[in-house]
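K.L.:
I'd like to ask some things about the structure below.
The values are calculated or read from the model by the stated rules, or taken from the named source; none is laboratory data. Just so you know, these numbers come straight off a predicted model, no measurement behind them. All Cβ positions, even for glycine, are placed from backbone atoms using ideal geometry, and neighbour counts span all protein chains on display. To get the accessible areas, we keep the full protein, side chains included, count just its heavy atoms, and leave off ligands, DNA and RNA. Shrake-Rupley method; radii C 1.70, N 1.55, O 1.52, S 1.80 Å.
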Amino acid sequence: DQQVKQNSPSLSVQEGRISILNCDYTNSMFDYFLWYKKYPAEGPTFLISISSIKDKNEDGRFTVFLNKSAKHLSLHIVPSQPGDSAVYFCAASEAGFQKLVFGTGTRLLVSP
Amino acid sequence: DTAVSQTPKYLVTQMGNDKSIKCEQNLGHDTMYWYKQDSKKFLKIMFSYNNKELIINETVPNRFSPKSPDKAHLNLHINSLELGDSAVYFCASSQDHSNQPQHFGDGTRLSIL
């Protein structure tokens, strides 16, 4: 029972262009969403989060969009850089309940 | 200066043995977690402690016993190791158990022979 899904296992983008990573969820009780980046042999690193009362949150080159009616969120990286090459995980939790449910990840490759 | 540190990084052992993984955070956080990432790369929560008290226990076999001597430490002890326990185990911490980002250690890769 996969409550958080990242249907694209991989994405390739050229340096300087936009990277768009997508995530879908099925649990309507989720109200806090996060994106993590993971390099090999390291732990996930927190990137950006959004609560269900917002539909957009920006932090530098990273923007997360939330569409509650579609149960969909996306992470935009603009401009993409080779150092952004990593696996990106989407995660979600219910209100006041810190049990993060993770997607299976999307491997992003940004080529020079 | 590592915020969440786990030891050891790699652990190779025989079936049936007992082993422990240690985790320490220097972020002053109240809440700590253990996650398991299996061979299919699913990252799933196992346990959560808030100020040394267990608050999440996700259908984990009782061979797994977390122990929190203080709020900066959450260790994981595993008895009678089985082949299916082979995975990467991640420790994490957050400010408290409300909606706050969790910060992860670099993981412990456990391999059972």
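K.L.:
Note the count of lysine pairs whose C-alpha atoms are less than 22 angstrom apart in chain B, limited to pairs 8 or more residues apart or on different chains.
P.N.:
Summing the qualifying lysine pairs gives 28.
K.L.:
Highest first, please rank the peptides A:83-92, B:54-63, B:18-27 by the mean number of other Cβ atoms sitting within 10 Å of their residues. Each step should come with its number before you reach the end.
P.N.:
Working: A:83-92: 20.5, B:54-63: 12.5, B:18-27: 17.1.
Ranking, from highest mean packing down: A:83-92, B:18-27, B:54-63.
K.L.:
Using DSSP, restrict attention to beta bridges with both residues in the protein assembly as shown and report what percent are antiparallel, rounded to the nearest 5.
P.N.:
Of the beta bridges lying entirely in the protein assembly as shown, close to 90 percent run antiparallel.
K.L.:
Here's something else I'd like to know. At a threshold of 8 angstrom on Cα-Cα distance, excluding pairs fewer than six apart, so keeping six or more, what relative contact order does chain A reach in percent?
P.N.:
37
K.L.:
Another question about this same structure. What average number of partner chain Cβ atoms lie no more than 10 Å from the Cβ of the residues making up A:41-49? Please list the in-between numbers first.
P.N.:
Details: counts 6, 4, 15, 11, 3, 7, 1, 1, 3.
The shielding value for this peptide is 6.
K.L.:
Summing +1 for each Lys or Arg and -1 for each Asp or Glu, what net charge is found among the other residues whose Cβ lies under 15 Å from the Cβ of B:Val60?
P.N.:
Working: positive: A:Lys99, B:Lys36, B:Lys44, B:Arg63, B:Lys67; negative: B:Asp38, B:Glu58, B:Glu82, B:Asp85.
It works out to a net charge of +1.
K.L.:
Once you have the Kirkwood Rh of segment A:4-111 from its Cα pairs, apply Stokes-Einstein at 37 °C and 0.692 mPa s and quote D in µm²/s.
P.N.:
Translational D for this selection: 238 µm²/s.
K.L.:
Could I ask something else about it? Could you give me the radius of gyration and the Dmax of chain B, taking only the C-alpha atoms into account and expressing both in angstrom?
P.N.:
13.2, 39
K.L.:
Turning to a different aspect of this structure: Would you tell me the mean number of C-beta atoms belonging to other protein chains that fall within 10 Å of each C-beta in B:85-98, as a whole number?
P.N.:
Rounded to a whole number, the mean comes out at 2.
K.L.:
Residue by residue through B:36-44, how many Cβ atoms from other chains fall within 10 Å of the Cβ on average?
P.N.:
4
K.L.:
Could I ask something else about it? Note down the net charge around A:Leu11, summing +1 for each Lys or Arg and -1 for each Asp or Glu among other residues with Cβ under 12 Å from its Cβ.
P.N.:
So the environment of A:Leu11 carries a net charge of +1.
K.L.:
Restricting to Cα pairs below 8 Å that are 6+ residues apart, what does the relative contact order work out to for chain B? Please round to a whole percent.
P.N.:
Details: 281 pairs, mean separation 41.5, N = 113.
Reported as a whole number, the value is 37 percent.
K.L.:
So which residue, out of A:Leu73, A:Leu11, A:Leu21, gets the largest mean-square fluctuation from a GNM of chain A using Cα contacts under 10 Å as springs?
P.N.:
Highest fluctuation of the listed residues: A:Leu11.
K.L.:
Additional query: Just the number, please: buried accessible area between A and B, total of both chains, 1.4 angstrom probe, nearest 100 square angstrom.
P.N.:
On the way: alone 6190 and 6460 Å², together 10900 Å².
The A and B chains share an interface burying roughly 1800 Å².
K.L.:
At 1.4 Å probe size, with every protein chain present, just tell me what the per residue accessible area of the protein assembly as shown comes to in Å².
P.N.:
Per residue, the protein assembly as shown has 48 Å² of solvent-accessible surface.
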